[in-house]
Amino acid sequence: MTECMNEEMRDALPDYLNGTLDGARTAEVRAHVAACDECAAELELLRVIAASAPSAPPMNVGRIASAIPTPTKHGFMIHRGGRDPAQSPLSPTVVPIRARPGIWSRRYVKIAAGLAVVTAGGLSLLVGRDVLRPELQVGQAKPFAGATVRTAPSVSLPVAPAKVGSTREAQSPQVASVAPMGLSLTGDLQELSDEHIATLLNEMDRMDGLPSAEPDAVEPVVGNANSGGQNQ
Amino acid sequence: MNPGTQWSAEDDDKSLIERWKVGDSRAATELVRRHADALGRFAASGGEREEIEELVQDTFVRAFNSIDAFRGESSLRTWLFTIERRLMLDRRRAELRERNLVSMEGVEGSTTHDALDGMVARETATRVRRALASLSPMQREVFVMRVEQGLAYAEIATILETTEGAARVHYHNAIRGVKELLND
């Protein structure tokens, strides 16, 4: 048996036999086979081979489908049946399948979550320390209304009259005020003028129980053991 | 979709798979209806003689249990053929281990299941099957898939994990060998 030299047509013979070619291609192959004895003989051989193919028994679609698992919302599959419906249990068998890895089991998600926790914790600490509020930084602090620092509940310090009319106090009257309970400071010490601070210091010097001056320094005298332990 | 509703041709395999994933078991039944017979013929052409339906069932079960591995690069039927072929190989290896048979070729060459009527036709079929059995396993698989299953070279290459060019060469070598054997 000789072979046709047109390999393209020979390649198309199985498709022509199985009817998988489109209309135009089918007509083309049919015309070629009609004119080519080699291809006609080969097509007949293929037809015999295909006809001699062992037949398969009819498939029981319902029985096959009964063995196919069904996905559930929880990632499990229910085995709806077995090979023989007569032998299958009345209640479905829950068969766990290889669970899909959850999103929290992925390594990069874990790392990102850890970084988020660390970042949130750090930010909360910074906010608590007012680090991120530049208006509250040293030298730029604004008077905080309502925040009253009482130096001592039992001490009442009169405010010097000289500073009442000062420009600084006129701009920020809450810097120093006389509260019923005593001298009250509101805001920051940076808001006080030099005169105000000097007045406060003078008043504090006059307070009882407070030292008027720093204690004298005691200088230790290192004596010689041979001098009998007398200090000079 | 109501239980009695027929699936339309527009419901391709991928959409049925998606419906099955959300719990529609009838989509799986439709997929079985579409491909079970082809899988049965594929198994028979590959030399399977017993428990073909069980093989087809195992193919579907394995396919649906690993449906995420189906990327849609080939047709679902081609993917099913690939799974079934591996199951067939596993089954034959198990049989060879259990029965200590001489070889797979001997088993296939000794069996003739023809569908032709008449003595002459059966004799022709017997000669053809013997000729096929004398081919190399790869040539025989390619030839059977091409002629009896009507698969394209691309599909055959996918199933056999080879190239289209190699599949084409195997086919032409196979038909040349069959012609020579039948002419002897």
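Below is a table of values for the structure above.
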| item | result |
| --- | --- |
| Residue that is surrounded by the fewest Cβ atoms within 10 Å (Cβ to Cβ) [pool: residues in segment A:1-26 that are hydroxyl-bearing (Ser, Thr, Tyr) and outside any helix (DSSP H, G or I)] | A:Thr2 |
| Subset of segment B:137-160 that is without any contact (Cβ under 8 Å) to a residue 12 or more places away in the chain and part of a loop (DSSP other than H, G, I, E, B) - its residue that is farthest from the other protein chains (Cβ to nearest Cβ) | B:Ala152 |
| Conditions (1) among the polar types (S, T, N, Q); (2) surrounded by 11 or more Cβ atoms within 10 Å (Cβ to Cβ); (3) modelled with pLDDT of 75 or more: number failed by A:Thr93 | (3) |
| Residues within segment A:15-48 that are in contact with a Phe, Trp or Tyr (Cβ under 8 Å, 6 or more places away or on another chain) and within 11 Å of another protein chain (Cβ to nearest Cβ), tallied | 1 |
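The values are calculated or read from the model by the stated rules, or taken from the named source; none is laboratory data. Nothing here was measured: the structure is a model prediction, and the numbers come from that model. So basically every Cβ, Gly included, is an ideal-geometry build from the backbone, and we count neighbours across all protein chains shown.
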